[in-house]
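Structure first, commentary second.
The values are calculated or read from the model by the stated rules, or taken from the named source; none is laboratory data. Quick caveat: nothing in here was measured; it's all calculated off a predicted structure. When we count neighbours, we look across all protein chains shown, and the Cβ atoms used for this are built from the backbone with ideal geometry, even at glycine. Accessible surface is based on the protein model in full, side chains and every heavy atom, while ligands, DNA and RNA are left aside. Shrake-Rupley method; radii C 1.70, N 1.55, O 1.52, S 1.80 Å.
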Amino acid sequence: MIAFLGTGLLGSGFVRAALKRGEKINVWNRTLDKAASLGHEGASVFPLVTDAVKGADRVHLVLSDDDAVEAVIKDILPALAKDTVIIDHTSTSVKGAVARTKKLAALGVTYQHCPVFMSPQNALESSGMMLISGEKARYTRLKSALEVMTGKLVYFGTDPGRAAAMKLAGNLMLMAITTGLADAAAFLKALDISRDEINNLFENFNPGMSVQPRAKRMLAGTFDNPSWELNIDR
């Protein structure tokens, strides 16, 4: 049996996908109404988080931040079976992920941080990308259970905080894209051009294609033969 704690849009998608795979699922959410509909779809809904995790082989956390993760783990620890694994999909700080891994290991509890680049639809379709780092043997042991949840599972090495770092770095890129789109829309508006024209532009021009080769050139530190300069853009 698997427990999912946190049934917002992403957590609900994970639960529905697991139910389709024939898994037995317990769910809990701090606001019970958000979990209630999953009960009609085959999940067992619990108002008490301690009841939701009893007998679970894995407990998946899909929460908001470090504080929420810490609070829920504190509540469930007395109710966990000896071999239950905690898998945390929450976007947390690097420091938090590392500290929890070490603290829980000292208590004999397996904690694995697995943040994701997945929309609710990705979670429902078991597509998108899941990140994982930490002890190699633990990754190997959990690999098959995690791969069915996502289109791509990427291992970032033995550092328990590396997956959290990669998730936050990716989030910075998503923020930059969002800001760039807002700037482009504002620029067109200033020229009295419909913002909808952005769609026409990006149907023919995909700036995302330049990210990986540009990153390689920038990180290599070779700037003596630029292919494009900011002063041209200005």
Here are some conditions: (1) over 23 Å from residue 148 (Cβ atoms); (2) assigned to a helix (DSSP H, G or I). Residue 13 meets all but one. Which one does it not meet? (1)
Can you name every residue in the stretch 22-67 that is over 24 Å from residue 148 (Cβ atoms) and among the aliphatic types (A, V, I, L, M)? 32, 36, 48, 49
Options 88, 51, 65, 75: the member that is over 20 Å from residue 139 (Cα atoms), within 16 Å of the chain's Cα centre (by Cα) and charged (D, E, K, R): 65
Listed residues 126, 93, 133; which is of a type in the set (Ser, Thr, Tyr) and out of contact with any Asp or Glu (no Cβ under 7 Å at 6 or more places or on another chain)? 126
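Within the stretch 133-209, which helices (runs of 4 or more DSSP H) (wholly inside it) include 1 or more residues that are touching a residue at least 24 places away in the same chain (Cβ under 8 Å), under 30 Å from residue 22 (Cα atoms) and open to solvent by less than 80 Å² (accessible area, probe 1.4 Å)?
Once the helices (runs of 4 or more DSSP H) in the stretch 133-209 are filtered for at least 1 residues that are touching a residue at least 24 places away in the same chain (Cβ under 8 Å), under 30 Å from residue 22 (Cα atoms) and open to solvent by less than 80 Å² (accessible area, probe 1.4 Å), what remains is 136-147, 162-190.
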Determine the pairs where a residue that is of a type in the set (Gly, Ala, Ser), located within the stretch 9-29, has a partner that is open to solvent by less than 10 Å² (accessible area, probe 1.4 Å) with Cβ atoms under 6 Å apart, the partner being 6 or more residues away or on another chain. 11/4; 13/123; 18/25
Tell me which residues, restricted to the stretch 121-132, are open to solvent by less than 50 Å² (accessible area, probe 1.4 Å), over 11 Å from residue 167 (Cα atoms) and either touching a residue at least 40 places away in the same chain (Cβ under 8 Å) or in a helix (DSSP H, G or I) (or both). 122, 123, 126
Going by the conditions given, is residue 119 modelled with pLDDT of 95 or more and either touching an Asp or Glu at 6+ places or on another chain (Cβ under 7 Å) or charged (D, E, K, R) (or both)? no
Checked the stretch 52-92 for anything in contact with a Pro (Cβ under 9 Å, 6 or more places away or on another chain) and polar (S, T, N, Q); matches are 90, 91, 92
Does residue 220 count as exposed (fewer than 10 other Cβ atoms within 10 Å of the Cβ) and modelled with pLDDT under 95? yes
